[in-house]
1. Would you please name the residue that is nearest to the other protein chains (Cβ to nearest Cβ), looking only at residues in region B:220-255 that are within 20 Å of B:Leu148 (Cα to Cα) and of a type in the set (Phe, Trp, Tyr)?
2. I need the full set of residues from region A:121-133 which are more than 17 Å from A:Arg172 (Cα to Cα) and either modelled with pLDDT of 90 or more or aliphatic (A, V, I, L, M) (or both), in order please.
3. All but one of (1) more than 19 Å from B:Leu87 (Cα to Cα); (2) surrounded by fewer than 23 Cβ atoms within 10 Å (Cβ to Cβ); (3) at pLDDT 80 or above hold for B:Cys211; which doesn't?
4. With B:Val146, B:Val90 as the choices, which residue is within 30 Å of B:Pro54 (Cα to Cα) and crowded, with 17+ Cβ neighbours inside 10 Å?
5. Kindly provide the set of residues from region A:142-158 that are at negative phi and of a type in the set (Asp, Glu), ordered by number.
6. So which pairs qualify, if the first residue must be in region A:113-140 and touching a residue at least 60 places away in the same chain (Cβ under 8 Å), the second must be outside any loop (DSSP other than H, G, I, E, B) and among the aromatic types (Phe, Trp, Tyr), the Cβ gap must be under 9 Å, and the two must be at least 6 apart or on different chains?
7. Residues in region B:176-197: is at least one crowded, with 21+ Cβ neighbours inside 10 Å, in contact with a helix residue (DSSP H, G or I) (Cβ under 8 Å, 6 or more places away or on another chain), without any contact (Cβ under 8 Å) to a residue 12 or more places away in the chain and more than 30 Å from B:Gln22 (Cα to Cα)?
8. With respect to A:Gln84, is the statement that it is touching a residue at least 40 places away in the same chain (Cβ under 8 Å), under 28 Å from A:Leu16 (Cα atoms) and more than 7 Å from chain B (Cβ to nearest Cβ) true?
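The values are calculated or read from the model by the stated rules, or taken from the named source; none is laboratory data. What you are looking at is a predicted structure, and each value in this text was computed from that prediction instead of being measured. Cβ: placed from backbone, ideal geometry, glycine included. Neighbour counts: every protein chain shown.
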Amino acid sequence: MGCVTPLTPMTAEPLLSLQELTVRFRLPQGETVAVDGVSLDLAPGEVLGIVGESGSGKSQILFALMGLLASNGRAGGRALFQGQDLLSLTETELDRVRGQQVSMIFQDPMTSLNPYMRVVDQLAEGLIVHNGLSRADARAEGVRMLDRVQITDAARRAQLYPHEFSGGMRQRVMIAMALLARPKLLLADEPTTALDVTIQAQVLDLMAELGREIGTSIILVTHDLGVVARLCDRVAVLYGGRVMEEAMAETLFDAPSHPYTQGLLAAMPRLEAPLTPRLGTIPGTPRSGGGDLPGCPFVPRCAQRMDHCTTRRPALQSIGPDHRSACHLTGAAP
Amino acid sequence: MSVDHAMAEAAPPRSASTLALQFRRFRANRLAMASVALLALIVLACFFGPYAFPFTGEDADFDFISAPAEMTWPHLFGTDEYGRDLLVRVLEGGQVSLTIGFLGAAVAGVIGVLYGAVAGYAGGRADGLMMRLVEILYGFPYVILVILLSLLFGGGTLALFAAIVFTLWLTPAVIVRAQAQSLAQKEFIQAARAGGMTGWQIVVEHIVPNCISVVIVYGSLLVPEVILSESFLSFLGIGIKEPQASWGNLIASGTSAMDSDLRLLLLPGTLLALVLLCLNFIADGLRDAFDPNDR
């Protein structure tokens, strides 16, 4: 389990600062809250992991940043990227940020490439539109990037169509495409979920390595704690649209504080742990959506719940160096 | 590896696009390929055949009035009651019908595809408004529209063409709009938006190319539809007017002389039927080759 040490001191001006970010969806049966007041900072060059179960709102954070929310979704709060609030930008202003300063890698590489376009043209498209490169130059640049994501015989393969690529290769193409413009921030939405286990590590390492070379900060959204342990400097654990615990990766794995994090880690198989007959589980089903809650969203599944957990919302409080947790157990007494 | 080196290595790839694969499948369809050949023959005959004769379809030959079809030079299929050569008139009429057919289908197709792609991708209120407009136009009686447009354009080919395009772009718009709607949910469209592409770039570069197989199949059905409505309107006398020939008005004059001389009806009628059959077989073949649901 190789944890990457942070490259930049935490005192640096954050590249991205989420302040009370909320995402709400209007549904026929009422409004549902997908992201409920998330505040996070991302330092330049840092890799931040956002972990959570399905429906915890982790992907919606990324979609909100990119202005890609479904038409019934609305983002609130602020998302300051280099001091500029991404949430208040118009579509046209966003188009100058997206694909140049911020880019995104999607979950399913099988559907994230246009089946009717040669790979090289898809790579070149962004450079032609944003950087004003000629078609030939942009293509050459695209081929060079394919080479860097370790696609062998890149010049020939670039001329192929996506259906002639394997899943892992397509995701590497997506990484190449995302990093081509040398963005300051890369948003990766479960980039390896759809891939073969043997390919996952390869693709992730490649992404992290290239990101480091270019100096890109990465937000990696995943439900896979192994992925987080491998790549991330810092981790935020999300549940019911709220940050439950946030810490440096090492701290989180060695000394998890929040009952939910503890449950997640107990459910993760580890080589160095003593053999137990069964992996731990968290009872109950994950909360997804729903209206505003007065208390902690994890209450129904928490083994250590107290009476006031259902009525008072625990604040995200600092409980150690670079370690914050939102739980009444660790917070100030009620 | 230097880029020049890399580019030099890029030999012409044997890479096959989805489109190329689909056309390969189409070529394996014998009936469709035979139809393509026959259609090509008819098209060539219509556009070059008339040059083989020393007169045009509008020249009256007073030595041969209502000559029978005796396969004798120069009037192989005889003449009509004005002494005009029937074969040449049918071939020249074919030029008009085929041109209107293909051009009309192409123009209607382009308008419909772009309109549908924009509506489907934009979604929401814009989509609603655009599609209500289509529905209103759908409700407009076709023949009345043609008569109105004939008045507006002073009759003739242009009015007919406008009327045909005006009514026939609606269906491709609806079809492509449905396609674009489902495409807009695909991740590669999201990826394009995340890549900072503007709406128009996404429509032109991502949505439209992905609709192309649907468009080709529908377009191949659109051509016979256009030819048929041209013939139909000309038959009714509100389309192409004498002395200019088209299959529609040739058939019309054929029916009036049906009792005495059936071949005036048969020759243009047969050619029209052949072309329509060929186009339908081709459309069938294209659909088999392009529609993934059939396999």
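1. B:Phe232
2. Residues satisfying the conditions are A:Leu127, A:Ile128, A:Val129, A:Leu133.
3. Among (1) more than 19 Å from B:Leu87 (Cα to Cα); (2) surrounded by fewer than 23 Cβ atoms within 10 Å (Cβ to Cβ); (3) at pLDDT 80 or above, B:Cys211 violates only (2).
4. B:Val90
5. Selection gives A:Asp147 alone.
6. Every condition considered, the pairs that remain are A:Leu113/B:Phe188.
7. Scanning region B:176-197 turns up at least one residue that is crowded, with 21+ Cβ neighbours inside 10 Å, in contact with a helix residue (DSSP H, G or I) (Cβ under 8 Å, 6 or more places away or on another chain), without any contact (Cβ under 8 Å) to a residue 12 or more places away in the chain and more than 30 Å from B:Gln22 (Cα to Cα).
8. No, not satisfied.
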